[in-house]
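A quick write-up on the structure given underneath.
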Amino acid sequence: MRATTIHAPREIQVSDVPTPTITAPTDAVIKVTAGCICGSDLWPYRGENDITPGSTIGHECVGVVEEVGAEVVSFKPGDFVIVPFCHSDNTCAHCRAGMQSACVHGGFTLSGQAEYALVTQAEGSLVKTDGMPDASMIPSLLTLSDVMATGWHAAVAAGVRRGGTAVVVGDGAVGLCGVLAAHVMGAEQVIAMSRHEPRQAIARQFGATSIIAERGKEGSAAVMELTGGVGADAVLECVGTDQAMKTAFAIARPGSTVGFVGVPHGVDLPISKMFQKNVGLAGGMAPVRQYLPELLELVQDGTINPGLVFDLTLPLDEVAEGYRAMDERRAIKVLIQP
């Protein structure tokens, strides 16, 4: 099959690789209808993460079931499914506690930007729609494989509450989905920290009541001014850098929680400040399968349209341009069509 592969920093190719096959009774092979590039894919692209030259890349996709293993009884060839980026049996102790991203039998989608993808725990991971969805729904359904669920996880971890104030640090697709999540959860004041006008526009569409373009101390001061010197009831950290984390703790009110979902790189937690202000930290890798049923319903009934984060669609053959566009901030999130 044709798949996106990474060979060195900033070297993305489309290569012929073996098509996934059923090797365990819990497997399913998915014919990818749409995949996309994640902000976390940019870490190896930029050389910040180790690379295995020639390995496939891409963990977000939706598609049609091609083949299933003997223990996969709820899905059959022809079903349209959403594929959580982290696979889970949905029955182990951690899954039952709502932490499917830590499943003892877990796995990950490894070729979401390709013609086919393998799901290693299909019965517990996949969620199907009622028939083939309309093409206009595909972008929003695709966000449920990771980015919308991750933004939702940030809001849940931060303890966003109805009538409260939520601040979102980061204006990538995850941050924008965090804005949407905070709005849907009923936050009265949703402050998006963003310096880029196209992202600010989507943040407003998603329910942001205020935009702060400043960073560092100036950004923190602007949040404090908007909140009457109190700070945020909930902070969603959706970047993963040390500056973003420091900002998050600077603007969190005493007794609040920072919900973090940005993959940490070089973060040094301000433990003394956390102790002095009684500010907690929660979050991590999103348990996508936990949130999928609720989010699917919100998409299907028109309550949310997270697919707006896709501002560039490319064929698989042009996936390298998609990486360049996101790396250079010419695109927020790129949808890839095999």
Relative contact order [Cα under 8 Å, 6+ residues apart], the stretch 1-141, whole percent: 28
Estimated inter-spin distance, Asn49 and Ala135, nm [label 7 Å along Cα→Cβ]: 3.2
Using the Cα atoms as the points, what is the convex hull volume per residue of the stretch 129-249 in Å³? 101
In terms of solvent-accessible area of protein heavy atoms at a 1.4 angstrom probe, what is the ranking of Leu312, Leu236, highest value first? Leu312, Leu236
Whose amide H sits under 5 Å from the amide H of Ser194, counting only residues 5 or more places off or on another chain, with H placed in the peptide plane? Ile212, Ala213
For the stretch 181-262, listing GluC sites (Glu not before Pro) in a DSSP loop whose Cβ sees at most 14 other Cβ atoms within 10 Å gives Glu188, Glu214
Considering the dipole of the chain built from charges on the beta carbon (Lys and Arg +1, Asp and Glu -1) around the Cα centre, which of Pro270, Leu296, Val156 is farthest to its positive end? Pro270
Work out from phi, with θ = phi - 60° and the Karplus expression 6.51 cos²θ - 1.76 cosθ + 1.60, the ³J(HN,Hα) of each residue of the stretch 152-159, listed in order in whole Hz, and give x for Gly and Pro. 5, 4, 4, 5, 5, 5, 6, x
note: the chain, Cα-Cα separations exceeding 27 Å make up a percent value of 43
Most positive-pole-ward Cα, Pro53, Cys95, Gln113, against dipole of the stretch 32-124 from beta carbon charges: Cys95
Keeping to pairs on different chains or 8 or more places apart, tell me how many lysine pairs in the chain have Cα atoms under 30 Å apart. 12
If every Lys and Arg gets +1 and every Asp and Glu gets -1 at its Cβ, then about the Cα centre the chain yields a dipole, in debye to the nearest 20, of 1040
Hey, can you grab everything whose amide H is under 5 Å from the amide H of Gly283? Only 5+ residues off in sequence or another chain; H modelled, so Pro and N-termini drop out. Phe260
Using θ = phi - 60° and the Karplus relation 6.51 cos²θ - 1.76 cosθ + 1.60, list the HN-Hα couplings for the stretch 49-54 in order, rounded to whole Hz, with x at every Gly or Pro. 10, 4, 10, 9, x, x
Phi angles of the stretch 91-102, converted by Karplus (6.51 cos²θ - 1.76 cosθ + 1.60, θ = phi - 60°) into ³J(HN,Hα) in whole Hz with x for Gly and Pro, give 10, 5, 4, 5, 4, 5, 8, x, 10, 4, 6, 10
Mean Cβ count within 10 Å, highest first, over the residues of peptides 328-335, 134-141: 328-335, 134-141
Mind listing the long-range amide H neighbours of Ala252? Cut-off is under 5 Å, sequence gap 5 or more, other chains count too, H placed in the peptide plane at 1.01 Å from N. Ala232
Among the trypsin sites (Lys or Arg not before Pro) within the stretch 187-226, which fall in a DSSP loop and have no more than 13 other Cβ atoms within 10 Å of their own Cβ? none
From DSSP H assignment alone, runs of 4+ in the chain each adding -39500 (n - 2.57), the sum over residues rounded to the nearest 500 puts [θ] at 222 nm at -8000 deg cm²/dmol
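The values are calculated or read from the model by the stated rules, or taken from the named source; none is laboratory data. In this text, all values refer to a predicted model and were calculated from it rather than measured experimentally. Note: ideal-geometry Cβ built from the backbone for every residue, glycine included; neighbour counts use all protein chains shown. Please note that ligands, DNA and RNA were not included when accessible areas were found on the heavy atoms of the full protein model with its side chains. Shrake-Rupley method; radii C 1.70, N 1.55, O 1.52, S 1.80 Å.
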